[in-house]
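No value in this document is a laboratory result; all are computed from the given coordinates. The structure displayed is predicted, hence computed values, not measured ones. So basically every Cβ, Gly included, is an ideal-geometry build from the backbone, and we count neighbours across all protein chains shown.
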Amino acid sequence: MRRKVIHAAGFVIAVLAVLTAGYATSVPGPFSIDEVTYLLSARSLTLGYGIEVWNGYEEFPTIALAPAWLKPISGRLVSQYPDFYLLFAYPAYLLLGLRGLMLVNVVAFLVVCGLVWSLTAPRFGTRVAWVALALLTFATFAWEYAVGAWPHMVSAAFVLAPLVLVDRLLDLPAVGRRISMSLAAGLVAGIGVGVRLDVVFALAALAAGLMLQRRSLWREAIALFAGAVPPLVALALLNRAKFGLATPFTYGPSFGIAVGIAPYLPVAAGIGAGSFLLWLATRPAIAARLKPEPVGAALAVTLAVAFALPTSRTAIVAGVRGFGEMVVETRLRPIETTETAWPRGADGSVIYFDSLKKSLLQSCPWLPLIALPLLAARRDRRALDRFVLWIAVPLAFVVPYSVFAWDAGLCLNQRYLVPGLPILAVLGALGLDALRASLGTKRWWTLSGVGAAFVTGLAASEVSPFTTEAQSALLLSLPLAVASLLGATLVGMRYLRRAAPGTTALATALIVGFAIGMATFSCLFYDLRRTLELRGIYAPFAETVAAQVGGDALLISDPPEVFAAAITAGSRYRLATNDGQSDETIAALVRFYVERGRPVLIGIHPEDIARLIGSGSFSGLNVARLPSSRGVLVRVTEASTPADPRRTGPGP
């Protein structure tokens with residue numbers, strides 16, 4: 001009884017500690033245009049607009065008032081994103097604004113941790129479960145998205161929960177109970193699709209995992225899809241109301257399959273054909289007759305034919321390169337691929353606000369460890385069936401994003417792969433446990449490697465000039481070298497231990513620790529710190545806006561993130577951008593609101609504001625320059641009446 005009380009108290013303390021850490025590290029400033037979209041959508045719910053996004057577009061129809069990922073459809077704005085996330089986030093946003101959206105992801109992170117524990121502890125013990133949680137928290141970029149406003153951690157919970165349910169049903173003897181569990185898993189995954197559309201990848205992966213079991217669980221696979229139908233139908237109806245498109249899988253006109261499914265058909269056909277062949281090859285009756293030589297010859301002929309056809313050759317090369325960019329080395333990205341906010345370094349590195357974007361392996365150089373439990377499962381069919389199900393989930397996100405080289409845009413890591421991180425952490429923990437049992441080294445040798453990596457990162461970043469070239473060497477080249485060394489050590493361990501068992505054990509422990517330490521430095525000290533710094537630049541503008549123009553005004557900025565922190569529940573700010581807009585459009589927009597007694601606050605490039613003022617766009621209006629940390633802000637009001645910051649009346 002006493003032990004249960006202690007465990008319960010420890011659980012409560014741990015939850016409170018995570019919530020406290022989440023609140024402390026959730027800086028209420030937007031990091032991305034995606035978060036601005038969710039913020040505007042949540043605010044519109046508080047104003048009673050439902051699925052429509054209020055931003056002043058009905059008052060003055062111009063694309064300048066459709067920033068972020070908003071779409072003008074039938075005279076009103078809607079968000080391109082599915083809206084189920086807002087159902088979970090609405091109460092928190094109502095209480096805490098932007099920080100509320102972030103705390104929803106903190107809670108989702110707690111759910112993910114609980115699911116990791118339930119997946120790992122009963123089968124492999126609490127030690128492996130604790131190590132998995134430590135890897136997930138401190139050696140991946142999961143925590144960065146636990147304190148973000150976009151719903152990556154929420155979607156991760158809706159990916160992992162169905163996996164846990166499907167994993168449980170593998171141990172159930174009764175078909176009826178397995179089908180019930182599969183229906184529940186499908187229902188949860190279907191709701192997850194309404195949070196982020198790519199959760200559908202996990203749904204397909206779980207169905208494939210069920211079919212690839214030694215005894216194909218086809219009834220359970222069908223039940224999985226059946227369970228997802230109700231939320232997908234609801235999402236389709238919601239999209240019909242928003243976009244006029246009755247499908248759950250769309251971002252509206254000009255995005256996704258709304259413009260035609262032709263680009264996706266070759267990918268779907270390729271994955272389907274590959275899955276079918278894999279299913280055939282894993283059937284016991286067929287597998288017993290397969291010989292390595294004819295199988296290898298058939299694969300070689302298939303590849304030769306594929307490379308002989310221009311279309312398939314282009315697709316294969318693009319897919320391999322996309323995989324390389326996302327998983328192995330970001331500098332494989334074609335050097336001519338660049339954007340204004342995303343310049344390239346001399347070595348091909350991808351730079352975002354003076355920071356480097358990294359591949360999955362560059363963020364987590366300990367990943368070679370996951371090979372150990374996967375290879376060991378070859379001798380245990382039950383374990384192999386389970387691991388096939390598990391590894392299918394991260395692969396389901398890697399493969400489609402690799403084919404189209406969608407590497408998650410303006411961020412410092414591979415955010416699209418966040419749903420796969422919990423499983424990779426569990427497999428990594430199993431690999432560490434296998435190494436510990438095999439090597440017999442003390443834990444502190446591995447911890448010494450962790451410390452050495454962290455000290456190396458601190459010395460390189462704080463002591464020496466941390467130029468882009470130095471960042472590239474430390475955060476791109478060194479992690480790849482460490483991951484390669486770890487992989488080579490694991491491959492050659494059998495032979496190395498024969499020659500020098502003690503030295504091999506010690507060196508392996510240090511290398512593993514160094515790989516984990518590099519991940520900790522990269523994900524927490526570099527990525528997290530720099531994203532929080534960017535959020536911290538925008539967060540103070542919430543107070544600036546309220547002080548200068550009250551609660552009912554037009555805000556013009558480039559990028560839209562600048563003033564977005566001011567979008568609180570019930571506020572009447574219209575968020576506009578001059579990006580891609582003519583000076584005449586911006587001038588007309590400003591005059592429209594000023595003439596109706598709404599002050600305007602402008603925070604755009606100094607050259608743009610100087611041109612607008614110099615051209616007489618604001619002639620006859622009161623233009624005040626306001627010093628700020630961003631440079632110069634400009635407030636425009638009626639010439640006869642100064643702006644009253646206390647004005648909070650309804651829109652015109």
Seminar exercise, completed: Dipole check, the range 541-638, charges on Cβ (K,R +1; D,E -1), about Cα centroid: among Pro606, Thr585, Phe618 the Cα furthest to the positive pole belongs to Phe618
For this session: List every residue whose amide H lies under 5 Å from the amide H of Asn413, counting only residues 5 or more places away in sequence or on a different chain, with H placed 1.01 Å from N in the peptide plane.
Result: Lys358
Problem set entry | Degrees separating the helix 421-439 axis from the principal Cα axis of the chain, which is the longest one | 40 degrees
Exercise. Of Leu369, Val399, Val388, which is farthest along the charge dipole of the range 368-433 in the positive direction, counting Lys and Arg as +1 and Asp and Glu as -1 at C-beta?
Worked result: Val388
Exercise. Label points 7 Å out from Cα along the Cβ direction at Phe404 and Ile73: separation in nm?
Worked result: 1.7 nm
For this session: Output ³J(HN,Hα) for the range 41-53: one whole-Hz value per residue in order, computed from phi by the Karplus curve 6.51 cos²θ - 1.76 cosθ + 1.60 with θ = phi - 60°, and x for Gly and Pro.
Result: 5, 5, 4, 5, 4, 5, 8, x, 8, x, 7, 6, 9
Problem set entry | Cβ charges +1 (Lys, Arg) and -1 (Asp, Glu), total dipole of the chain, debye | 2820 debye
For this session: Pick out, from Pro82, Val106, Pro61, the residue whose Cα sits farthest towards the positive end of the charge dipole of the range 33-119, with +1 on the Cβ of Lys and Arg and -1 on the Cβ of Asp and Glu.
Result: Val106
Exercise. What is the Rg over Rh value, at two decimals, for the range 595-635, using alpha-carbon atoms and the Kirkwood definition of Rh?
Worked result: 0.96
Problem set entry | Percent of Cα-Cα distances greater than 23 Å, calculated over the range 541-638 | 15 percent
Exercise. Using a simple spin-label model with points 7 Å from Cα along the Cα→Cβ vector, what separation in nm is obtained for Phe466 and Leu299?
Worked result: 4.3 nm
Exercise. Order of 232-238, 537-543, 142-148, 474-480 by packing, highest average Cβ count within 10 Å first?
Worked result: 142-148, 474-480, 537-543, 232-238
Problem set entry | Segment Ile6-Ala610, extension gain: residue separation times 0.36 nm, minus the distance between their alpha carbons | 210.9 nm
Exercise. Cα-based Rg of the chain per 2.2 N^0.38 Å, rounded to two decimals?
Worked result: 1.03
Exercise. What span do the alpha-carbon atoms of the range 19-60 cover on each of the three principal axes, reported in whole Å from largest to smallest?
Worked result: 41, 20, 12
For this session: Apply 1/(1 + (r/R0)^6) to the Cβ-Cβ distance of Ala434 and Glu595, taking R0 = 51 Å, and write down the FRET efficiency to the nearest 0.05.
Result: 0.10
